[in-house]
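What follows is calculated from the coordinates using simple rules that are stated; it is not laboratory data. The model shown is predicted, which means the values in this text are computed figures rather than measured ones. Here the Cβ is made from the backbone with ideal geometry for all residues, glycine too, and neighbour counts use every protein chain on show.
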Amino acid sequence: MTSPPASQNLINLVWLRNDLRLHDQPIFNTLAAQSNGPGLAVAFILPAYWQQPDRQGQTRLGLAKTRFLRACLIDLQRSLYDQNIRLNLLYGEPVELLRRWYAQQPFHLHTACAQAPEEAAWLEQIATFAPLSTYTTHTLFSAGQLAPLLNDADWPASYSAFSRWLDKYQRLADIATPLPPSLLRADPYEAPFRAAVQWPDHQLHQMPPWCGRVPVNTFHGGEDAGVRHLSRYLWRDNAIRHYKDSRNQLGGPGFASQLSPWLAWGALSVRKVWAEIVRWETNNQDHEHSGWLKKELLWREYFHWTLRIKGSALFQNPAPAAFDQQRWQAWCEARTGYPVIDAGLRELIHTGYSANRMRQWLASFFIHQLGLDWRLGARFFEQHLIDADVASNWGNWAYIAGCGQDPRGGRCFNLNKQLELYDPHLTHLQQWLPELSSVTLSQVQQHQSAGPTLSLWPAPLSLPAAT
Ligand SMILES: Cc1cc2nc3c(=O)[nH]c(=O)nc-3n(C[C@H](O)[C@H](O)[C@H](O)COP(=O)(O)OP(=O)(O)OC[C@H]3O[C@@H](n4cnc5c(N)ncnc54)[C@H](O)[C@@H]3O)c2cc1C
């Protein structure tokens, strides 16, 4: 945490961003510890530009993502209300809104550390007019704990090197235990003006006819739902016991933890998840699967700190591919003619979630077969994923494109082989493409590789020469 000098006559303003919770919330714990503290206001700001379409018509707020975020905010509103605090939901340009607020009611701002360069720029500007304290709310480690690595020269070039460093210095033992719940006692304050959130009007969004035939999204946003999901996964269903064996599946009950949406919005603290896994381990002797899940949380950590160190360099593409409208449109409509890809796209657009393996196929196909710029694909995911997280999303896309940290030359998948391995009975494919409910594996494979054979599905797009 960084602390400015104590200031008089300022209220405390907590600006929550991707830490939408009350448990393990260092900001509230710090403020609760202040005896006779000044007034307190809590805000979430929806940046208006998240809804402005870019050149390809993409925004940062797809339908499923909006639903999940709104549920997170409703839940937060409710739990703050129980402590007599109102959540101020504001809409506009964050720095300008905070400047306006400060001019009418000066505050000391408390918020999470910046993850992406965009947030770092916000905090830099705010610090020119308001006292500011930042907190570690989104990661397992704090900057202080990783200090020897946190510069361009010393940052590990691969996940393996990062993991070796953690082992060598036994840093996993330093992961802080989650903070106990705190009771806020300050006088509640509200924003001195209104800037009502305008949510995207998805009424205008025409649901495709196949939607009625597929299962609805089971993810519900919010801290309460996240904590219950974690408890079910670990304790009621004990699904962690097969994590390593099932995490590569395309779906199914408990196939992976499915914690990412709550982690991305901070409705669940990653330190709480870690501590619960450790607690599970004290009750269970076999740690093979739980250890693998912890490893994945460390991948998240690695991508997070990589972004913090490398900044906007991670959004660069040294060899951008040319844009192709026809291929791009087919992708957006989930009609590339490759059933395995189109099934994955439908699932992603409809639910805002897909399994890690499917994300890899989609990204690999987009980059190495459609030959489109990986950054466009990353933006597409950012629009739709309910767990969109700038570090994990852009980091994974760059990895598959072969131009990020630890690139290993990019990853290109053989879709027919992958289908045979991971969906031999077409369970996933037919769930999302009910039009193909009576086709066989070999018919799909033929369609994808030897030319159009399925009359009920578009012919595969003609692809550019291998990249
Ligand atoms: C192209 C692409 C884009 C992705 N975009 C995102 C994104 O925007 N947000 C996101 O959280 N994950 C992203 N991932 C990583 C991974 O696919 C998801 O974290 C995972 O599928 C979420 O499901 P889960 O919670 O069941 O994961 P589990 O397998 O249960 O893993 C547990 C947790 O570990 C973390 N994790 C697992 N795999 C990774 C990984 N490869 N990279 C970083 N963290 C990981 C996540 O926080 C996850 O919730 C992306 C992967 C790819 C290939």
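The ranking of TYR243, TYR91 by Cβ neighbour count inside 10 Å, starting from the fewest, reads TYR91, TYR243. Contact order, relative form, for the chain: 19 percent (alpha carbon pairs under 8 Å, 6 or more residues apart, mean separation divided by residue count). Computed packing ranks the peptides 33-40, 71-78 as 71-78, 33-40, most packed first, by mean other Cβ atoms within 10 Å. What is the helix-to-structure angle for 339-351, meaning the angle in degrees between its Cα long axis and the longest Cα principal axis of the chain, kept from 0 to 90 and rounded to the nearest 10? Taking Cα atoms only, the helix is inclined about 30 degrees. ALA157 to ALA121: FRET efficiency via 1/(1 + (r/R0)^6), r the Cβ-Cβ distance, R0 25 Å, to the nearest 0.05? It comes out at approximately 0.40. The dipole here belongs to the chain: it is taken about the Cα centre, uses +1 on the Cβ of Lys and Arg and -1 on the Cβ of Asp and Glu, and is about 220 debye. Note on the chain: semi-axes of the ellipsoid equivalent to its C-alpha gyration tensor, largest first and rounded to whole Å, are 39, 25, 22.
Could you give the length gained on full extension between ALA319 and ARG232, defined as 0.36 nm per residue of separation minus the Cα-Cα distance, in nm?
Roughly 26.8 nm would be gained on extension.
Relative to the dominant Cα principal axis of the chain, helix 288-310 is inclined by about 70°.
Straightening the chain between HIS242 and CYS412 buys 58.5 nm, computed as 0.36 nm per residue apart minus the Cα-Cα spacing. Measuring how big region 325-449 is from its alpha-carbon positions, Rg and Dmax come out at 14.0, 43 Å. Largest first, the extents of the alpha carbon coordinates of region 203-315 on the three principal axes equal 50, 41, 27 Å.
What FRET efficiency comes out for the pair HIS287/ARG164, r = Cβ-Cβ distance, R0 = 30 Å, nearest 0.05? Efficiency, from the Cβ-Cβ distance: 0.95.
Look at ASP286, ASP245 and count the other Cβ atoms within 10 Å of each Cβ; fewest to most, that gives ASP286, ASP245.
How high is the FRET efficiency from GLU296 to SER79, r the C-beta distance, R0 30 Å, rounded to 0.05? So, using R0 = 30 Å, E works out to roughly 0.60.
Of the residues SER269, ASN151, ALA127, the one whose Cα sits farthest toward the positive end of the charge dipole of the chain, with +1 on the Cβ of Lys and Arg and -1 on the Cβ of Asp and Glu, is SER269.
Hey, rough spin-label estimate for SER312 and ARG185, points 7 angstrom out along Cα→Cβ, what's it come to in nanometres? About 4.6 nm separates the two model spin labels.
Protection proxy ranking, highest mean first, for peptides 139-145, 100-106: 139-145, 100-106, where packing is the per-residue count of other beta-carbon atoms within 10 Å, averaged. Net charge in the neighbourhood of GLY226 (other residues with Cβ under 13 Å of its Cβ; Lys, Arg +1, Asp, Glu -1) is -3. Put a plus charge on the Cβ of each Lys and Arg, a minus charge on the Cβ of each Asp and Glu, and nothing anywhere else: the dipole of region 317-467 about its Cα centre is then about 240 debye.
The C-alpha atoms of the chain define a longest principal axis, and helix 390-401 lies at about 30 degrees to it. Full extension of the chain between THR453 and GLN52 yields a length gain of 140.3 nm, computed as 0.36 nm times the residue separation minus the alpha carbon distance. Neighbours of VAL439, meaning other residues whose beta-carbon lies under 15 angstrom from its beta-carbon, give a summed charge of -4 when Lys and Arg score +1 and Asp and Glu score -1.
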